[in-house]
Amino acid sequence: MSVPSSGKLVSSRGTGSAMSINRTEWSGLFSGVLSDILDELGVFGQASTQQFKHVDPDTRIIGLAATARAVPVSTPPREPYAKLLGAIDSLSPAEVLVLSAPESSTSSLFGGLLATAVAQAGGAGALIDGYIRDADEVRRIGVPTAFRGSSPLDSFGRDEVVETGGPVSIGGVTVRPGDFVLCDSDGLVVVPAEHLEQVLDLAAKKLTRESQMRAALKDGMGVATAFQEFGVL
């Protein structure tokens, strides 16, 4: 990903061609509106029912996926942490570290030092379908992070990232490199890269209608009448 003179972010991660994204288009987005738009387009199975924890409940994880997959190991590899550290070092602005681990995983795959590295790389956050530690430190660092659970155990000799840049399963939803992820207090929604431009356009229009309906309700319009006029809920 690069930032050209236009000020837009350009990503070719996993898409086969460059995709220009203006991050101002992400303002105001939340998981519910993205889920609704994907339903309208007939793109199903993109919302997770898994409840992720957030180091800061007031933040959301939003950006383009940079994926990594961990598995349990019985002995330390020759180069421990190598693939995970490489994935973090290669993060670009607007990219989220998206890391999957199976239910059998027992150890922490993300913590304060790695959050510092994500921040320094300019990453937009971390989405960990696995365990983390140092949650208070991660919150102070300010890297938006969602995770399955917490463990004090180091991953050394227990769990290891074995693949980066491939599809992963996060909360039961497939995430590919370059897909758009948004995880907030309501849950996780994944927008496939090939649908992102259309979804962002339709979501912006729906948010406008919701704002108009909200104002009408505050002015005393009945909800049934407002629904007939604006067509959103």
TODO: Kindly indicate whether ALA126 is of a type in the set (A, V, I, L, M, F, W, C) and surrounded by fewer than 23 Cβ atoms within 10 Å (Cβ to Cβ).
DONE: no
- [ ] Quick one: SER105 ticks every box in (1) buried (at least 24 other Cβ atoms within 10 Å of the Cβ); (2) in contact (Cβ under 8 Å) with a residue 40 or more places away in the chain; (3) closer than 23 Å to PRO177 by Cβ; (4) not basic (Lys, Arg) except a single one, so which number is it?
- [x] (1)
Task: Single condition SER35 does not satisfy, out of (1) open to solvent by 50 Å² or more (accessible area, probe 1.4 Å); (2) in a helix (DSSP H, G or I); (3) more than 20 Å from SER151 (Cβ to Cβ); (4) not hydrophobic (A, V, I, L, M, F, W, C) - done: (1)
Open item on the list: Which numbered condition in (1) modelled with pLDDT of 95 or more; (2) touching a helix residue (DSSP H, G or I) at 6+ places or on another chain (Cβ under 9 Å) is the only one that ILE21 fails?
Closed with: (1)
Task: Candidates ALA135, ALA146, ALA115, filtered to the one that is surrounded by fewer than 22 Cβ atoms within 10 Å (Cβ to Cβ) and within 28 Å of PRO76 (Cα to Cα) - done: ALA135
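Which one is farthest from ALA124 (Cα to Cα), of the residues in the stretch 187-233 that are outside any helix (DSSP H, G or I) and open to solvent by less than 30 Å² (accessible area, probe 1.4 Å)?
Here is the first cut: in the stretch 187-233, the ones outside any helix (DSSP H, G or I) are 187-192, 219-222, 231-233.
Of the ones still in play, those that are also open to solvent by less than 30 Å² (accessible area, probe 1.4 Å) are 187-192, 232.
Details: GLY187: 17, LEU188: 16, VAL189: 16, VAL190: 15, VAL191: 16, PRO192: 18, VAL232: 30 Å.
The selected residue is VAL232.
Is it the case that some residue within the stretch 78-91 is in a strand (DSSP E or B) and touching a residue at least 12 places away in the same chain (Cβ under 8 Å)? Explain how you work it out, then say what you get.
Filtering the stretch 78-91 down to residues in a strand (DSSP E or B) leaves none.
Within the stretch 78-91 (the criterion being in a strand (DSSP E or B) and touching a residue at least 12 places away in the same chain (Cβ under 8 Å)), the answer is no, since none of the residues qualifies.
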Task: Tally of residues being of a type in the set (D, E, K, R), in contact (Cβ under 8 Å) with a residue 40 or more places away in the chain and either surrounded by fewer than 14 Cβ atoms within 10 Å (Cβ to Cβ) or closer than 21 Å to GLN198 by Cα (or both) across the stretch 38-75 - done: 1
Task: Every pair of residues 6+ apart whose Cβ atoms lie under 8 Å, when the first sits in the stretch 193-212 and is without any contact (Cβ under 8 Å) to a residue 60 or more places away in the chain while the second is in a helix (DSSP H, G or I) and open to solvent by less than 50 Å² (accessible area, probe 1.4 Å) - done: ARG209/PHE230; GLN212/PHE230
Task: Every residue from the stretch 149-186 that is part of a strand (DSSP E or B), closer than 24 Å to SER92 by Cα and of a type outside the set (A, V, I, L, M, F, W, C) - done: GLU160, GLU163, THR164, SER169, THR174, ASP184
Open item on the list: Return the residues of the stretch 114-157 that are among the charged types (D, E, K, R) and over 26 Å from GLY178 (Cα atoms); say none if nothing qualifies.
Closed with: ARG133, ASP134, ASP136, GLU137, ARG140, ASP154
Open item on the list: So LEU99 passes all but one of these: (1) modelled with pLDDT of 95 or more; (2) surrounded by fewer than 23 Cβ atoms within 10 Å (Cβ to Cβ); (3) within 12 Å of GLU160 (Cα to Cα). Which condition number does it fail?
Closed with: (2)
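The values are calculated or read from the model by the stated rules, or taken from the named source; none is laboratory data. This structure is a prediction, so every number in the text was calculated from the model and none was measured. We place every Cβ from the backbone using ideal geometry, glycine too, and count neighbours over all the protein chains shown. Only protein heavy atoms, including side chains, enter the accessible area calculation; ligands, DNA and RNA are left aside. Shrake-Rupley method; radii C 1.70, N 1.55, O 1.52, S 1.80 Å.
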